[in-house]
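Taken together, the values in this text are just the output of simple stated rules run on the coordinates, not laboratory data. Since we're looking at a predicted model, the values are computed, not measured. Cβ coordinates were reconstructed from backbone atoms using ideal geometry, including for glycine residues, and neighbour counts include every protein chain displayed.
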Amino acid sequence: MIYAIQAGGPLRGAVECPGDKSISHRYAMLAALARGESELRYFAGSEDCQSTLRCLRGLGMKIRTEDTSVFISGNGLRGLKPPTALLDAGNSGTTMRLLSGILAGQSFDSTLSGDESLSGRPMRRIIQPLSLMGARISSREGGLPPLEITGSNLRGIRYALPVASAQVKSCLLLAGLYADGVTGVGEKVATRDHTEIALRQFGGTVRYRGNWIEVEPEPALEARRLEIPGDLSGAAFFIVAAALVPGSELLLPRVGLNPRRRALIDYLDRAGVRVWAENESESAGEARGDLRVRYDPAFLGKRLPPIRAELTAALIDEIPVLAVLGSQAGGLEIRDAHELRVKESDRIAAVVANLCAMGAEVEEHPDGLTVTGRQRLLGTHVETKGDHRIAMAFAVAGLTASGVTAINRAECADVSFPGFYDALARARSDLQPQSSDLNPGN
């Protein structure tokens, strides 16, 4: 599908963001390992999270959906059943990496596969430490999926992450539930702690010792009723859109404000964007609140603070749309973002190529990019490479460009934000969604 968008009137009203994708994955997996039926309210409807549910069904879990809730009946830590077919993670790297940790400690064998994009993403960063725990995992050359996992007896290890990654950390902590002793993961840079929070909520024992996170094996996990906050990474596209389009003001209700995710709000506030939180609260260890963002022309003359080191790790999912923001503000430098090379696409290359196609001046670095600010963007064909964050970032870019911006394979936004384009249209009364099955250039 090609989605066409162009500049127009302000964005106003309230935008409901889907349930947090990262939290939804983790709650679903732990609910499957708990005893009893868990209810997960506002579970993410994204394709990625549906991939997790599909894999859990393939492992014998009874799962049903009612309105915005997902109900998962778990049989305890050792209650998963041998799959009768390949477990298909679709496009979801989170599903593959986290579930690999769980499957490594089972008494049965399994194979995790994915779509063409996921099959090109290296999994060596989980294979190597899981192997140290005693796991037996076979892959294609270079650590590429599918992953053939032979169930094994695991041993607890202490493993210092060479590269900051919440997914690798989570994989090892989940594998640690099946180990013969305590498993510790060391972080030089603190990453998202949704797994640690969720483990405690379901009854697991997690300890912090300096930069190390430790998990006790063989916990008696119990079913829970939990409410998932809105996805801050999804909200980021509407925050940036409102910051760029004159006259805009948006309310984004009940968005997750986990301190290790809130770096986005702190960064934008420091940059001069008028965004703030209201009605803040906490539920099940996860902070949440309503976000309000208002257009302020004074912001656009300022260069954005550089994104480097720990800040890069904290903002890794938001970097594509922040690069768009930098092109319209006073510019932006992004470094230490090697991780973006191995996401659903090479996001550094995709952002640079599409900004250049829209007439922007951008310098590509091995670990990031530098975009010149205050640039006039021109509508063009955007190549998403099937990457949801590229599609949504350049839909936002299209709101500021002259002429029509046509986003190829636009449907990939459903991976994390089903109904994204409809939500954008509702926020702008003058914007009507347009789609076509025509080939780019027709």
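Taking square-rooted eigenvalues a ≥ b ≥ c of the alpha carbon gyration tensor, is region 273-358 rounded, prolate or oblate, where a/c under 1.5 means rounded and, failing that, a/b exceeding b/c means prolate?
oblate
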- prompt: Does anyone have the angle between helix 232-244 and the longest principal axis of the chain? Alpha-carbon axes, 0 to 90°, nearest 10?
  reply: 10 degrees
- prompt: If you rank 182, 351, 245, 396 by fewest surrounding Cβ atoms within 10 Å, what's the result?
  reply: 182, 245, 396, 351
query: Tilt of helix 93-104 relative to the longest C-alpha principal axis of the chain, in degrees (0 to 90, nearest 10)?
result: 10 degrees
message: Only four residue types carry charge here, +1 at the Cβ of Lys and Arg and -1 at the Cβ of Asp and Glu. Report the dipole size of the chain about the Cα centre in Debye, rounded to the nearest 20.
response: 640 debye
field: Length-normalised contact order for the chain - Cα pairs under 8 Å, 6+ apart - percent
entry: 19 percent
field: DSSP-loop trypsin sites (Lys or Arg not before Pro) across region 291-379, with at most 13 other Cβ within 10 angstrom
entry: 374, 376
- prompt: Nearest 10 degrees, 0 to 90: what angle lies between the long axis of helix 21-33 and the longest principal axis of the chain (Cα atoms)?
  reply: 20 degrees
Restricting region 1-102 to trypsin sites (Lys or Arg not before Pro) in coil, as DSSP defines it, with at most 11 other Cβ within 10 Å: 78
- line: Where a ≥ b ≥ c are root eigenvalues of the Cα gyration tensor, a/c under 1.5 meaning rounded, otherwise prolate if a/b exceeds b/c and oblate otherwise, the chain counts as prolate
statement: Any lysines whose Cα falls less than 19 Å from that of residue 81, other than same-chain ones fewer than 8 residues away, would be 62
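Run through region 94-197 and list the GluC sites (Glu not before Pro) located in a DSSP loop whose Cβ has at most 16 other Cβ atoms within 10 Å.
Of the GluC sites (Glu not before Pro), the ones in loops of region 94-197 whose Cβ has at most 16 other Cβ atoms within 10 Å are 116, 141.
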statement: Other residues with Cβ under 11 Å from the Cβ of residue 419 give, with Lys and Arg +1 and Asp and Glu -1, a net charge of -2
message: Can you sort 206, 342 from fewest to most other Cβ atoms within 10 Å of each residue's own Cβ?
response: 342, 206
message: Compute a Gaussian network model of the chain, connecting alpha carbons closer than 10 Å, and tell me which residue from 90, 359, 105 fluctuates the most.
response: 359
- request: Could you tell me which of the pairs 21/169; 188/385; 188/302; 21/343 are separated by over 26 angstrom between their Cα atoms in the structure shown?
  value: 188/385; 188/302
message: Classify region 42-104 from the C-alpha gyration tensor, please: rounded if a/c falls under 1.5, else prolate or oblate depending on whether a/b exceeds b/c.
response: oblate
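If you average the sequence gap of Cα pairs under 8 Å that are 6 or more apart and divide by the length of region 21-157, what percent do you get for the contact order? Present the calculation step by step, with values, prior to reporting the outcome.
Working: 272 pairs, mean separation 28.5, N = 137.
Result for region 21-157 is 21 percent.
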query: Counting alpha carbon pairs within less than 8 Å and at least 6 residues apart, what relative contact order, in whole percent, applies to region 273-430?
result: 17 percent
Built amide H within the under 5 Å cut-off of residue 165, gap 5+: none
field: Cut-off under 5 Å, modelled amide H: who pairs with residue 254 long-range
entry: 289, 290, 291
- prompt: Can you sort 367, 88, 422 by how many other beta carbons sit within 10 Å, fewest first?
  reply: 422, 367, 88
